[in-house]
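What follows is a single structure, written as structure tokens, with notes after it.
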């Protein structure tokens with residue numbers, strides 16, 4: 001159980017009493033390489049809070065669906081989140097009272113892939129072709145999968161001097177449960193190559209490629225490379241070919257660590273303890289590349305084999321957390337893209353969302 005703390009709880013004797021009532025902190029993270037995720041896996045956060053007799057619970061473990069939904073809305077008091085920035089931006093634009101206390105930038109594979117039989121060899125070959133754009137029609141939260149793919153197309157087509165108007169975007173409805181289901185449209189030989197029946201982030205894209213619905217799709221990260229390999233697809237263009245670093249920004253770059261403002265004002269010591277644990281986890285990862293690779297593979301739910309090529313430069317070396325001005329500028333650039341394409345209901349001041357005081361206290 002968590003108790004609400006007012007914004008002014010940290011001021012005066014009454015505020016001190018309210019602050020002491022915090023008993024449980026909540027956390028959530030996406031299946032992505034983050035120092036926050038590594039810190040959770042290693043038990044660093046529990047250890048840091050145990051000394052103050054503070055509990056630590058995942059939103060996903062809550063029985064209340066409203067609490068679980070806070071992964072997207074960030075409505076749960078006393079909660080932290082690190083993961084894709086689209087839900088974090090969307091929650092803030094919808095009035096969630098949160099602050100960004102750190103950003104992690106891991107250079108992540110983002111690419112457009114196509115089957116060899118399509119004849120698509122480079123970006124120029126995409127002109128006039130059908131590109132799959134996923135759409136989740138079953139939710140009232142932001143369609144972050146669609147927004148991610150649209151941004152990927154916009155940034156990657158630009159490598160060849162093309163834009164979104166130069167291709168046909170085909171909406172992909174319905175999400176197959178696994179790569180095995182996605183490959184049901186293919187030959188038995190391909191189906192036998194599938195090594196997993198688990199749900200997969202890019203199963204719909206695989207199904208669209210193999211079924212001939214589209215000519216190319218956008219995929220990213222280790223799961224994206226895994227999906228392309230299962231489909232027998234080739235990389236047409238990848239984000240490393242885009243010289244403008246601002247255009248690299250997408251749902252996974254950078255990934256913000258956010259906290260609700262009430263907790264930050266009431267118990268800045270607890271917020272600093274959580275951030276400090278993430279910082280130390282990133283430092284540990286940099287010094288332990290092999291072990292960190294295994295942690296990242298578990299976080300992203302992919303085989304270790306794909307971690308290396310999916311995160312150029314080594315994911316272990318990029319799990320630092322800071323407030324780099326270039327990363328903030330890239331996040332602001334991406335926010336403008338989301339606004340332009342109506343993924344956010346309204347604009348807000350990004351600089352006011354960033355809170356550097358926690359780092360200053362470490």
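No lab work stands behind these numbers, since they all come straight from the coordinates. Being a predicted model, the structure only gives us computed values, none of them experimental. Note: ideal-geometry Cβ built from the backbone for every residue, glycine included; neighbour counts use all protein chains shown.
Quick check on segment 199-350: take the gyration tensor over C-alpha atoms, sort the square-rooted eigenvalues as a ≥ b ≥ c, and tell me if it's rounded (a/c under 1.5), prolate or oblate. The shape class here is oblate.
Taking 8 Å as the Cα distance limit and 6 or more residues as the minimum spacing, I'd like the relative contact order of the chain as a percentage.
Numbers: 695 pairs, mean separation 100.6, N = 362.
Dividing the mean separation by the residue count of the chain yields 28 percent.
Put in line by how crowded their Cβ is, counting other Cβ atoms within 10 Å and starting with the fewest, 123, 219 read 123, 219.
For segment 30-117, the spread of Cα positions along the three principal axes, ordered from largest to smallest, is 59, 32, 27 Å. When every Cα-Cα distance of the chain is counted in 20 angstrom steps from zero, the calculated P(r) takes the values 29, 56, 14, 1 percent. Be a star and scan segment 108-140 for residues whose amide nitrogen sits under 12 Å from the point 7 Å along the Cα-to-Cβ vector of residue 229. Under cut-off, by backbone N: nothing.
Ordered by the number of other Cβ atoms lying within 10 Å of each residue's own Cβ, fewest first, 350, 264 fall into the sequence 350, 264. Adding -39500 (n - 2.57) for every DSSP H run of four residues or longer, then dividing by how many residues the chain holds, sets the calculated 222 nm ellipticity at -11500 deg cm²/dmol. Shape analysis of segment 270-323 yields a ratio of the Cα radius of gyration to the Kirkwood radius, Rg/Rh, of 1.02. As a rough footprinting exposure proxy, the listed residues 112, 40 were ranked by other beta carbons within 10 Å of their own, and the order from fewest upward is 40, 112.
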